[in-house]
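Novice: Here it is: the structure, laid out below.
The values are calculated or read from the model by the stated rules, or taken from the named source; none is laboratory data. Everything numeric in this text was worked out from a predicted model, so none of it was measured. Positions of Cβ are generated from backbone atoms using ideal geometry, with glycine treated the same way; all protein chains shown enter the neighbour counts. Surface accessibility is based on the protein's heavy atoms, side chains included, excluding ligands, DNA and RNA. Shrake-Rupley method; radii C 1.70, N 1.55, O 1.52, S 1.80 Å.
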There are 2 protein chains.
Amino acid sequence: MNIGDAAKATGLSAKTIRYYEGINLVVADRSENGYRNYSDAHIHKLRFVQRARRLGFSIDVCRALLSLYQDRNRASAEVKSIAKKHLGEIEAKIVELQNLQQTLSHLIDHCAGDDRPNCPIMDDLSGEFHDTSADDRKLH
Amino acid sequence: MNIGDAAKATGLSAKTIRYYEGINLVVADRSENGYRNYSDAHIHKLRFVQRARRLGFSIDVCRALLSLYQDRNRASAEVKSIAKKHLGEIEAKIVELQNLQQTLSHLIDHCAGDDRPNCPIMDDLSGEFHDTSADDRKLH
DNA sequence: GCTTGACCTTACTGTAACTAGAAGCTTTAT
DNA sequence: ATAAAGCTTCTAGTTACAGTAAGGTCAAGC
């Protein structure tokens with residue numbers, strides 16, 4: 001199986017597969033003409049990596065998972081621990097983004113969005129706070 | 001004001017401030033000895049960028065925001081549109097991460113996490129599905 | 001005058017995970 | 001025979017910096 005077919009079989013691009021070989025993640029055999037040659041076992045590994053990457057695991061973690069995958073004596077506790085750590089990072093990222101979301105949508109809500117220059121978003125960025133968080137109070 | 005003081009005044013590192021100058025984002029004056037020299041206006045710009053970056057805007061978008069900031073005739077609609085686009089991207093990322101979170105925590109929940117090799121997380125990555133989504137049904 | 005230490009300069013490298021492009025083989029199809 | 005498709009390696013670009021090296025500048029203390 002040449003790299004093009006491997007790409008089709010795994011959903012990865014040929015470029016990506018070459019890159020994975022470059023970093024010693026999944027190394028193919030070579031045919032006589034120098035072309036990379038992929039066996040079913042290679043394809044299996046590549047698909048494994050593709051799924052792990054889709055779940056957001058870093059390449060380094062994929063490397064560890066791949067080696068656990070090939071370890072008949074692995075403890076599922078080890079896999080679970082890696083996954084849990086990754087889940088924690090994802091959850092932290094979600095919280096971080098949700099904070100940004102709140103701040104941004106608040107600012108957006110209070111921007112007229114017309115042709116005048118006055119803009120609470122700019123005020124916030126420039127450090128002039130107009131305190132829109134209590135804009136329901138009575139002024140004047 | 002030298003770069004060290006500018007760093008303290010803005011919360012950015014000197015490295016970052018030099019980088020911003022390198023990409024023509026905020027360019028300082030120079031003293032006779034060749035040191036960068038920051039005025040209040042420079043500090044203000046740097047703080048503007050710092051706040052925008054903290055809100056997750058890319059450097060390129062910061063550049064656009066900075067130029068809008070200095071445009072007395074800007075329309076707040078333009079700022080709002082940039083912010084809205086960014087908010088959309090953040091929200092998309094949140095959804096993506098929440099999907100990962102669901103998948104991962106589901107897999108983690110179904111992994112014994114002991115010293116045996118059997119592991120639904122590995123099964124999922126390798127493409128062997130054991131369908132834990134309906135694991136409350138009676139088997140056997 | 002000399003040294004020390006803090007601060008500044010430029011320039012180069014490394015990060016993550018690829019993607020794009022160039023120049024040149026090999027294979028396949030016409 | 002030739003063109004198209006597919007393969008090879010190599011280099012550079014992406015984002016937003018951080019780390020390090022080698023060296024210039026400045027104020028204080030002896």
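Novice: Taking K and R as +1 and D and E as -1, what net charge do the other residues with C-beta under 14 Å from the C-beta of A:Ala14 add up to? Could the numbers behind the result be given before it?
Specialist: Details: positive: A:Lys8, A:Lys15, A:Arg18, A:Arg36; negative: A:Asp5, A:Glu21.
Here the charged neighbours net out to +2.
Novice: So with the 1.4 Å probe, I'd like the accessible area per residue for chain A, rounded to whole Å². If you can, show how the numbers build up before the last one.
Specialist: Values: 8290 Å² over 140 residues.
Value for chain A: 59 Å² per residue.
Novice: Residues with beta-carbon under 12 Å from that of A:Ile82, excluding A:Ile82: net charge, scoring Lys, Arg +1 and Asp, Glu -1?
Specialist: +2
Novice: Could you state the orientation-averaged shadow area of the convex hull built on the Cα atoms of the protein assembly as shown, in nm² to one decimal?
Specialist: Directional mean of the projected Cα hull area for the protein assembly as shown stands at 25.1 nm².
Novice: Just to be sure I understand the model, the point goes 7 Å from the Cα along the line to the Cβ. What's the resulting A:Gln102 to A:Ser31 distance in nm?
Specialist: Computed distance between label sites A:Gln102 and A:Ser31 equals 5.8 nm.
Novice: So, in Å, what gap is there between the alpha-carbon centers of the stretch A:1-61 and the stretch B:63-97?
Specialist: 39
Novice: Kindly express, to the nearest 10 degrees and within the range 0 to 90, the angle between helix A:59-69's C-alpha long axis and the longest C-alpha principal axis of chain A.
Specialist: 40
Novice: Quick one: P(r) of chain B from all Cα-Cα pairs, 10 Å bins, percents rounded to integers, in order of increasing distance.
Specialist: 10, 26, 18, 13, 15, 13, 5, 1, 0
Novice: Still on this structure, please answer the following. Can you give the mean number of other chain Cβ atoms that lie within 10 Å of the Cβ atoms in peptide A:54-60? Please report the intermediate quantities before stating the final value.
Specialist: Working: counts 3, 8, 7, 3, 0, 0, 0.
Average per residue, whole number: 3.
Novice: On to the next question. Over all directions, average the projected area of the Cα convex hull of the stretch A:1-74 and note it in nm². Mind dumping the intermediate values first?
Specialist: Numbers: hull surface 19.8 nm².
Its Cα hull, projected and averaged over all orientations, spans 5.0 nm².
Novice: A further question follows. By how many nm would the segment from A:Ile23 to A:Ser81 lengthen if fully extended, with 0.36 nm per residue of separation less the alpha-carbon distance?
Specialist: Values: separation 58, 0.36 × 58 = 20.88 nm, distance 2.47 nm.
Gain on stretching A:Ile23 to A:Ser81: 18.4 nm.
Novice: Shifting gears a bit: What residues in the stretch B:90-107 lose 50 Å² or more of accessible surface when the other protein chains are added to their chain alone (1.4 Å probe)?
Specialist: Buried by 50 Å² or more upon assembly, which counts only protein chains, are B:Ile90, B:Ile94, B:Leu97, B:Leu100, B:Gln101, B:Leu104.
Novice: Give the aspartates and glutamates whose C-alpha is closer than 15 Å to that of A:Lys8, dropping any in the same chain fewer than 8 places away, or say none.
Specialist: A:Asp40
Novice: Take B:Glu96, A:Glu21 and sort them by solvent-accessible surface of the protein heavy atoms, 1.4 Å probe, largest at the top. Please list the in-between numbers first.
Specialist: Details: B:Glu96 95, A:Glu21 25 Å².
Heavy-atom accessible area, descending, gives B:Glu96, A:Glu21.
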